[in-house]
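Notes to accompany the following structure.
We did not get these values from a lab; they are worked out from the coordinates using the rules stated. Just so we're clear, the structure is a prediction, and the values are computed from it rather than from any experiment. Reconstructed Cβ throughout: ideal geometry from the backbone, glycine too, with neighbour counts over all protein chains shown.
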Amino acid sequence: MYRFDYTDLAGGMLLFLIGAGVSLVSVGNYPLGTLQRMGPGMFPVILGVVLAALGVSLAVQALRRTGNRPDVRFFSPLFVLGGVMAFALTIVPFGLIPAIVSIVVISSLAELRIRPVSLVLLCIALSLMAPLVFVVGLGLPIPLVRWPF
Amino acid sequence: MKKFITAAVAALGFALPAMAADYPSGPVTIVIPYSPSGNTDVFARHLAPYLEEKWGQAVVVDNKPGGGSMIGTAYVSQAKPDGQTLLMTSSAFVTAPAIQKELPFDSRTDLVPIVNVGHVSFVLIVNGESPYQTLEEFVAASKESPKFAATAGLGTTTHFAMEKFIVDSGADVEVVHFKGGGPAVVSILSNETDIYGSSISSAGKNIEAGKVRPLMVLGNERIDVIPDVPSAGELGYPDLEIKQWLGVFAPKGTDPEILAKINADVNEALANQEFIDTVTPLDWTLNGGTSEAFVTQVDEELTKWQALADAAGIKK
Amino acid sequence: MEFLGNIGLGFSVALSFTNIFYCFLGALLGTLVGVIPGLGVLAAISMLFPLTFHLEPTTALIMLAGIWYGTTYGGSTASILLNLPGTPANAVTCLDGFPMARQGRGGVALFMTTVASFFGASFGIILLTLFTPVIAEYALRFGSAEYFALMLMGLVAASTISEGSAIKGLAMMVLGIIIGLVGMDSQTATARFTFGSLGLLEGVSLIALAMGVFGVAEIIMSVRRVKATDIDPDSVRLKAIKPTRDDVRRSWMPMLRGSTMGSFFGTLPGTGPSIAAFLSYAVEKRLSKTPERFGKGAIEGIMAPEAANNSADQTAFIPTLSLGVPGSATMALMLGALMIHGIAPGPTLISDEPELFWGLIMSFWVGNVILLILNIPLIGVWVRMLTIPYNLLYPSVLMFICIGAYTASFSPLNVWMVFAFGALGYAMRIFRFPGAPLLLGFVLGPLMEEHFRRAMLLGRGDFMTFFDRPISAVIMALTGLILLWSVWGSEGVRQRRTDRASSARADQDPTKKSI
């Protein structure tokens with residue numbers, strides 16, 4: 001238990017920063033226009049200010065109450081998002097099957113233990129199933145394996 | 001070892017430029033910068049089998065939509081100039097650069113026009129229950145109380161058609177952008193806007209049903225499906241010759257012999273009676289012609305629309 | 001008599017062997033595409049589009065339509081079982097469907113959403129049969145001012161859609177609208193927040209956003225926490241799909257209201273099933289005497305949105321066929337299928353092509369009956385997914401999400417967006433920000449801006465344009481009433497809620513988070 005609700009305090013400040021950033025970028029880059037013919041900047045500027053204001057009021061409220069420690073984990077997001085990133089990097093140069101293997105292997109690490117047999121079996125099963133569903137079944141034009149060099 | 005590398009480089013060097021004689025050496029991809037089912041896409045898909053037969057190679061229609069056709073266009077501008085990747089795009093190719101800043105390619109130099117395959121005509125329409133029977137009446141009424149013109153989106157051919165109409169007629173009309181031709185026609189049906197330069201295919205059924213009234217063809221000749229509607233030339237607007245055309249382009253640096261072959265083969269397909277019978281019901285008028293004529297046309301239109309954008313104060 | 005003749009004509013077309021076959025094919029494929037998270041209906045239809053060159057136009061349309069409404073049927077499955085929406089229109093079904101599955105009522109939830117889908121679709125088809133020309137006329141009365149008023153009402157009505165702090169809900173809605181601004185501004189062609197990326201000119205992909213914020217974030221939260229052995233083995237038997245009498249009693253009105261709202265939004269071009277589903281959920285929560293049950297497995301919370309999105313799917317054909325105006329990209333594809341065969345949709349379609357029009361509509365009955373028959377036995381198969389060990393399930397789901405996102409435009413950019421929104425979604429879980437308002441803001445925001453700016457232009461810069469036009473004025477007045485109602489009602493509700501919340505906090509289950 002903390003004296004303040006630090007989670008909401010940080011969340012509120014983050015919202016304030018995003019809102020302020022959106023408004024500043026818009027004022028700097030996009031014309032506001034007039035009421036009759038609004039420019040591309042009008043909506044983002046207003047929305048940014050509203051978001052920043054909501055962030056401030058969230059942060060102020062957070063100072064008035066106690067809070068719990070948020071549950072933040074490091075390895076789960078690292079490996080799950082790492083798997084998605086690996087897929088994005090491999091799908092075009094190497095094709096579907098390498099992309100499947102990389103996302104499955106990397107995201108499996110989020111379990112923080114390696115089960116080699118089931119992992120290999122899963123990779124094989126998905127490498128068979130996904131092409132069958134997407135390439136054969138739905139006829140999507142994705143190369144299965146590609147060698148860019 | 002050194003010898004081997006020299007030999008390999010030499011072999012590659014000779015293999016690289018595609019020879020016009022054996023063109024096409026593999027499957028040809030025609031990139032369409034629009035979604036499947038748009039009229040550009042439909043046209044390309046009907047044309048592909050004829051080229052396939054002529055070339056003995058697969059002709060793949062590949063949709064790369066987005067950015068008002070600019071994404072697919074940019075893609076082809078960066079493709080290998082071997083004639084295996086071609087672009088089939090609409091007159092957005094010449095109108096969009098007048099509006100959009102920071103395009104990742106130069107529309108005058110990065111793509112080579114090969115052939116203008118056909119065009120769709122536009123007709124100015126008003127609501128079927130509106131009091132305006134002629135364009136003259138509409139222009140006069142607009143000076144009494146200002147009117148609104150719909151467009152199918154900023155930088156589209158219809159947008160420039162409406163701007164050009166406003167400049168040439170002196171009507172007191174302000175443009176309002178919609179997302180595509182469908183919503184623009186609806187805005188006429190619902191009386192939200194007053195006038196719109198629609199393609200015949202979008203307006204066709206509504207003209208037949210009397211829901212919208214055609215006032216003038218944007219061109220110097222009347223159109224067969226609506227023979228009673230006067231042309232722009234007849235009404236004294238000879239410069240309102242605005243059509244949405246469709247053309248084939250290749251990346252710059254493509255062998256001129258290959259370009260000539262593509263031009264000849266596409267022209268041959270356009271003359272095929274069977275092909276004509278398939279696409280004319282879709283409101284296409286087929287053009288064809290030499291690549292020189294098309295190069296000149298693209299060049300002139302780029303200048304013309306840029307000048308109009310500057311004159312009408314359309315900001316980049 | 002002419003009416004019965006039309007229906008007879010329609011059935012004679014729809015019940016031909018070829019048409020039943022393609023209808024079945026479309027419905028089956030739609031269900032499959034719907035169940036797989038990330039794979040959208042637009043991608044599936046674009047892929048099958050070339051096939052329509054070789055089919056009769058009516059048959060082609062029957063098949064494409066089958067995919068279209070089949071997807072929404074199938075889409076609730078992943079929402080309920082895995083807390084990740086099969087399609088964006090099913091996102092709101094997660095809110096109560098997933099808690100039901102966690103309570104061992106996954107089978108009931110799947111069965112009841114199938115019933116709701118069928119009910120909603122039937123409601124839509126009946127409207128389509130009886131009133132197409134009338135509805136098309138009335139939809140024409142909606143101009144930009146009316147659309148804006150409607151979107152505003154939607155946002156106000158839905159502001160309490162999720163549990164927890166109202167400020168957080170509002171903030172997420174605003175953030176969603178801001179994310180929706182990314183891309184090329186349709187009124188000035190200015191590229192906003194694209195950071196020079198050509199791909200971002202098209203804007204953020206709805207599928208990537210929904211899959212990242214809901215799907216990937218959910219997986220991150222569940223890894224090493226969910227065990228297959230937690231599931232009661234009895235709950236996955238086929239007989240466990242039987243709803244209780246209480247479930248049935250609670251479902252009638254939400255289904256009816258959901259169908260009505262869905263049908264309404266379906267007829268308005270540009271709105272569609274996602275908005276209908278979100279709003280009907282918001283309405284149920286507001287009307288409920290026990291709003292605190294929502295988000296914890298309330299059956300009303302799955303019945304209303306599933307009825308709404310399916311009825312919207314059906315009525316979306318009204319503007320498409322009778323005005324020639326596609327309400328969405330998917331509908332534009334269907335129009336394309338007609339144009340290829342030289343048929344231009346428009347006001348004269350019904351009289352010019354009666355076989356096509358009535359055949360298509362009657363095929364909707366065939367398709368929906370097929371879906372009903374197809375889906376109920378499949379429930380037993382789907383529910384078994386819950387017994388797959390999570391360490392095998394989550395990499396597979398992640399793979400499907402990525403492939404789905406990739407195939408939406410065949411560009412890795414969408415996969416990167418899944419990555420970015422997965423990170424955002426996880427951050428939102430840490431800060432306890434709800435995901436549903438973000439998605440709603442994203443869907444409604446760009447429409448709101450477009451219509452607001454156009455309405456101001458058409459109204460010559462005068463705000464009164466929203467109050468001078470009768471329909472717009474009525475909607476604005478309703479919006480004001482909803483606002484008053486929530487301010488007036490919130491005092492008492494808040495008191496009740498805090499009492500309950502403080503007692504509930506002690507035994508909070510860490511795996512169960514509202515989205």
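For helix A:6-29, what angle does its Cα long axis make with the longest principal axis of chain A, in degrees from 0 to 90 and rounded to 10?
For A:6-29 against chain A, the angle is about 80 degrees.
If I fit a long axis through the Cα atoms of helix B:39-55 and take the longest principal axis of the Cα atoms of chain B, what angle between them do I get, 0 to 90°, rounded to 10?
The angle comes out near 30 degrees.
When the convex hull of the Cα atoms of the protein assembly as shown is projected onto a plane and the area is averaged over all directions, what value comes out in nm²? Can you show the working numbers first?
Working: hull surface 168.2 nm².
The directionally averaged projection comes out at 42.0 nm².
Assign unit charges at the C-beta atoms only (+1 for Lys and Arg, -1 for Asp and Glu), then state the dipole size of the protein assembly as shown relative to its Cα centre in Debye, rounded to the nearest 20.
With Lys and Arg at +1 and Asp and Glu at -1, about 5140 debye.
Thinking of segment A:75-137 as a set of Cα atoms, what percent of all their pairs are more than 20 Å apart?
I get 27 percent for the Cα pairs in segment A:75-137 exceeding 20 Å.
For a test of the definition: using alpha carbon positions, the gyration tensor, and the 1.5 limit on a/c, classify segment C:45-138 as rounded, prolate or oblate.
Oblate.
Quick one: check the C-alpha center-to-center distance for segment C:277-347 versus segment A:22-40, whole angstrom.
The two parts, judged by their Cα centres, are 34 Å apart.
Per-residue HN-Hα couplings for segment C:94-107, Karplus 6.51 cos²θ - 1.76 cosθ + 1.60 at θ = phi - 60°, whole Hz, x for Gly and Pro?
Per-residue couplings from phi come out as 4, 3, 10, x, 5, x, 4, 4, 5, 7, x, 10, x, x Hz.
Determine the sum of side-chain charges near B:ALA293: Lys and Arg each +1, Asp and Glu each -1, restricted to other residues whose C-beta is under 12 angstrom from that of B:ALA293.
Numbers: positive: none; negative: B:GLU292, B:ASP299, B:GLU300.
Net charge around B:ALA293: -3.
Under a point-charge model restricted to the Cβ atoms of Lys and Arg (+1) and Asp and Glu (-1), what is the dipole moment magnitude of segment B:121-217 relative to its Cα centre, in debye to the nearest 20?
320 debye
Using θ = phi - 60° and the Karplus form 6.51 cos²θ - 1.76 cosθ + 1.60, what ³J(HN,Hα) does each residue of segment B:175-189 get, whole Hz, x for Gly and Pro?
Values, residue by residue: 7, 10, 8, 10, 9, x, x, x, x, 5, 5, 4, 5, 6, 4 Hz.
Peptide A:19-28: average number of partner chain Cβ atoms within 10 Å per residue?
Mean partner-chain Cβ count within 10 Å for A:19-28: 2.
Skipping prolines and chain starts, which residues have an amide H placed within reach, meaning under 5 Å, of the one on B:THR85, given they are 5 or more residues away or on another chain?
Residues meeting the amide H criterion: B:THR29.
Just tell me how shielded C:325-331 is by partners: mean number of partner chain Cβ atoms within 10 Å of each residue's Cβ, no decimals.
Taking all residues of C:325-331 together, the mean is 3.
Can you give the angle from 0 to 90° between the axis of helix B:2-15 and the longest principal axis of chain B, with both taken from C-alpha atoms, to the nearest 10?
40 degrees
Tell me which residues come under 5 Å, amide H to amide H, from B:PHE148 once H is placed; ignore anything under 5 positions away on its chain.
Amide H to amide H, under 5 Å and 5 or more residues apart or across chains, B:PHE148 pairs with B:GLU174, B:ASP194, B:ILE195.
Counting only other chains, what is the mean number of Cβ atoms within 10 angstrom of the Cβ of each residue in peptide C:342-349?
So the per-residue partner count for this stretch is 6.
Using the per-residue mean of other Cβ atoms lying within 10 Å as a proxy for protection, in what order, highest first, do the peptides B:51-64, A:44-57, C:110-123 fall?
In descending order of packing, they fall as C:110-123, A:44-57, B:51-64.
Let me know the shape class of segment B:201-316, please: from the alpha-carbon gyration tensor, a ≥ b ≥ c as square roots of the eigenvalues, rounded when a/c is under 1.5, otherwise prolate if a/b is greater than b/c, or oblate.
Oblate, because a/c is 1.5 or more while a/b does not exceed b/c.
Restricting attention to segment C:192-224, which chymotrypsin sites (Phe, Trp or Tyr not before Pro) occupy a DSSP loop and are surrounded by at most 16 other Cβ atoms within 10 Å?
Working: sites: C:PHE193, C:PHE195, C:PHE214; in loops: C:PHE193, C:PHE195.
When the chymotrypsin sites (Phe, Trp or Tyr not before Pro) of segment C:192-224 are filtered for loop state and at most 16 Cβ neighbours within 10 Å, C:PHE195 remain.
Which is farthest toward the positive dipole end of the protein assembly as shown among A:LEU140, B:PHE249, A:ILE106, measuring Cα position about the Cα centre, with Cβ charges +1 (Lys, Arg) and -1 (Asp, Glu)?
Value computed over the given set: A:ILE106.
Cα-based Rg (one decimal) and Dmax (whole number) for segment A:14-149, in Å?
23.5, 66
For segment C:2-501, build the charge dipole from Cβ charges (+1 Lys, Arg; -1 Asp, Glu) around the Cα centre, then report which of C:PRO88, C:PHE98, C:THR465 sits farthest towards its positive end.
Positive-end residue among those listed: C:PHE98.
Determine ³J(HN,Hα), in whole Hz, for all residues of segment B:220-228 in sequence, where each value follows from phi through the Karplus function 6.51 cos²θ - 1.76 cosθ + 1.60 and θ = phi - 60°; x replaces Gly and Pro.
9, 10, 5, 10, 4, 5, 10, x, 7
Over 30 Å between Cα atoms, which of C:LYS242/C:LYS285; C:LYS168/C:LYS242; B:LYS205/B:LYS252 qualify?
Correct reply: C:LYS168/C:LYS242; B:LYS205/B:LYS252.
Taking every DSSP beta bridge that has both residues in segment B:126-225, what percent is antiparallel when rounded to the nearest 5?
Of those bridges, close to 20 percent are antiparallel.
Any chance you could check the Cα centroid distance between segment C:176-223 and segment C:67-132 for me, in angstrom?
Going from one Cα centre to the other spans 25 Å.
When N counts the residues of segment C:2-501, how does its alpha-carbon radius of gyration compare numerically with 2.2 N^0.38 Å, as a ratio?
0.94
Please identify every one of the trypsin sites (Lys or Arg not before Pro) in segment C:277-330 that sits in a loop by DSSP and has no more than 14 other beta carbons within 10 Å of its own beta carbon.
Within segment C:277-330, the qualifying trypsin sites (Lys or Arg not before Pro) (loop, at most 14 other Cβ atoms within 10 Å) are C:LYS289.
In a shell of Cβ-Cβ distance under 13 Å around B:ALA141, excluding B:ALA141 itself, what net charge do Lys and Arg (+1) and Asp and Glu (-1) give? Walk me through the numbers on the way to the answer.
Values: positive: B:LYS143, B:LYS147; negative: B:GLU136, B:GLU137, B:GLU144, B:ASP172, B:ASP194.
Around B:ALA141, the surrounding residues sum to -3.
Would you mind pulling out the separation of the Cα centroids of segment C:403-476 and segment B:241-268, in Å?
Segment C:403-476 and segment B:241-268 have Cα centres separated by 41 Å.
So, counting K/R as plus one and D/E as minus one, what does the shell of residues with Cβ under 15 Å around A:LEU14 add up to? Each step should come with its number before you reach the end.
Numbers: positive: C:LYS168, C:ARG429, C:ARG432; negative: A:ASP5, A:ASP8.
Residues near A:LEU14 contribute +1 overall.
For all pairs of alpha-carbon atoms in chain B, what percent lies in each bin of width 10 Å, listed from the first bin to the last filled one?
6, 26, 31, 21, 10, 4, 2, 1, 0
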